[in-house]
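Q: Just dropping this structure here.
Each value in this text was obtained by applying a stated rule to the coordinates, not by laboratory testing. All values derive from a computational prediction rather than experimental measurement. Glycine also receives a Cβ, built like all others from the backbone with ideal geometry; neighbour counts cover every protein chain displayed.
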Amino acid sequence: MKVSLIIAAGGRGKRFREESKGKSSLPKLFLDLAGRPLLAHTLEAFRKIPQIREIVLALPPGTQEWAKRRLWDKGRQGPPIRFVRGGRRRAESVWNALRRTSPKNDWVMVHDGARPFPPRKAIVELLRRGTARRAPLDGIILARPVVPTLKRVAPKNGRVLETVDRSSLYEAETPQLVRRSLLFEAYRRNPKAFLATDESSLIESVGGRVKVLPHSGWNLKVTTPADLALAEAYFCSAPLTVGFGRDTHRLVKGRKLYLGGVRIPFEKGALGHSDGDVLLHAIADGLLGAVGLGDLGEWFPPTNPRFKGIRSEKMLKPILAKIQKEGWWPARVDSVIILERPPLLRFKNRLQKEVARILGVEPGRVSIKAKTAEGLGPEGEGLAVTCEALVLLKRGLAPFEAERGR
Ligand code: MG
């Protein structure tokens, strides 16, 4: 069986934009869901299905370049992907895509771009049943038995006329697998084809045999901002993670003292292979610990001359990028600096702002606390500076504030 997959993603999400009160100007399928565009999740669901020989994506006009950049990695493998312009209605988008499908593929599978989690088992089962030799079909669609109690009411006054027997009712979902030739025929013969809300109804309109594949799994359709929040919650089963970092450097003459990216005027500075910024090192280790990515010494071995004298802000950059790629952002940093002298009180605001800027978050998410060691131990004797940091990471992309911070 050879299948062309059509993803209907041509709409601009009118309802979504109305409910988000103009806060998002991107088409909803490009909005972020756990660190990637919603549509990337949808595409991911169809990865490595050998029957799928090509993918045709119907996108809103003017968004193709954006989609090419954001939807998959450069080294992507799998069937070729083509883009077509979405229409005003779903059925128009599917038609534009259908015309671009290869006639070598007898079947077309259509899926709503707004359903990011189609159950993979069901996709495989649809393909299996579609090819069954016994009782050949013209289409098979994913559908859900209707669970709520249904009332037929008088349109004028809302009076209940009857309770509908739901035992034979199903809610049509996608994917829907249909014969390509028959779908073509339906578009040509049915004058109201562009009003169809799914492919099954088109196949039915030309006398095709369609069956449902009942399922009761999760196949959310993202229509409103609340749906997107739900999808995010579903995807991020562990929405928080925490990491701890600690670092100590010797204080020596002839070095500059950096803390949190801020130069602190003092007669001594922290000895180190880098600029010796203990606060940023502790935070870096906290970030790495939160996602289990080792420690700073592994990322920047002190034996590597390339990192000699490196500013610690530069060390944080690739770590933050990696964390973001894994779907996390730093929502909270709490820290303690243990330093006998100089007093840090008058620098604390600047430290807080600078650390927040480096992390790409609002200053309110960063807390800096400064302590002396009461003259005890190496810190107390002025021989060393130590920092500890607790880092809380959240799933997803940092809120808008991060864009400004960077
Ligand atoms: Mg260090």
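Q: Suppose R0 equals 30 Å. What FRET efficiency, 1/(1 + (r/R0)^6) with r the Cβ-Cβ distance, do Ser205 and Lys104 give to the nearest 0.05?
A: Details: r = 26 Å, r/R0 = 0.86.
For Ser205 and Lys104, the calculated efficiency is 0.70.
Q: Based only on Cα atoms, what Rg/Rh ratio does segment 147-188 have, Rh being taken as Kirkwood's radius?
A: Ratio of gyration radius to Kirkwood radius: 1.24.
Q: For Asp295 and Lys308, calculate 0.36 nm times their separation in residues minus their Cα-Cα distance, and state this gained length in nm to one decimal.
A: Additional length available on full extension: 2.9 nm.
Q: Give the order of Ile7, Ile310, Ile264, Ile337 when sorted by the count of other beta carbons within 10 angstrom, beginning with the fewest.
A: Fewest-to-most Cβ neighbours within 10 Å comes out as Ile310, Ile264, Ile337, Ile7.
Q: Sort all Cα-Cα distances of the chain into consecutive 10 angstrom bins from zero, then give the percent of pairs in each bin up to the one containing the longest distance.
A: Using 10 Å bins, I get a P(r) of 4, 18, 22, 17, 13, 11, 8, 4, 1 for the chain.
Q: According to a simple spin-label model (label point 7 Å from Cα along Cα-to-Cβ), what is the distance in nm between Val160 and Val252?
A: Those two pseudo-labels are separated by 8.4 nm.
Q: Another question, then. Set the Förster distance to 45 Å, then compute FRET efficiency between Met1 and Leu383 from the Cβ-Cβ distance, nearest 0.05.
A: My answer for the efficiency is 0.05.
Q: Shifting gears a bit: Starting with the fewest neighbours, write out Lys48, Lys353, Lys151 ranked by other beta-carbon atoms found within 10 Å of each beta-carbon.
A: Lys48, Lys151, Lys353
Q: Using the number of other C-beta atoms within 10 angstrom as an exposure proxy, rank Leu31, Leu57 with the fewest first. If you can, show how the numbers build up before the last one.
A: Values: Leu31 17, Leu57 25.
Result, fewest neighbours first: Leu31, Leu57.
Q: Can you tell me the length gained on complete extension of the stretch Tyr234 to Leu195, counting 0.36 nm per residue apart and subtracting the Cα distance?
A: Net length gain for the segment: 10.8 nm.
Q: Which whole-number percent gives the relative contact order of the chain, counting Cα pairs below 8 Å spaced six or more residues apart?
A: Values: 844 pairs, mean separation 60.3, N = 406.
Contact order relative to length: 15 percent.
Q: Subtracting the Cα-Cα distance from 0.36 nm times the residue separation, let me have the gained length for Glu326 to Leu26 in nm, one decimal.
A: Using 0.36 nm per residue and subtracting the Cα-Cα distance, I get 105.7 nm.
Q: Sticking with the crude label model, points 7 Å out along Cα→Cβ, report the distance from Asn349 to Thr149 in nm, one decimal please.
A: 6.3 nm
Q: Percent relative contact order of segment 189-317, based on C-alpha pairs within less than 8 angstrom and at least six residues apart?
A: Normalised by residue count, the contact order of segment 189-317 is 18 percent.
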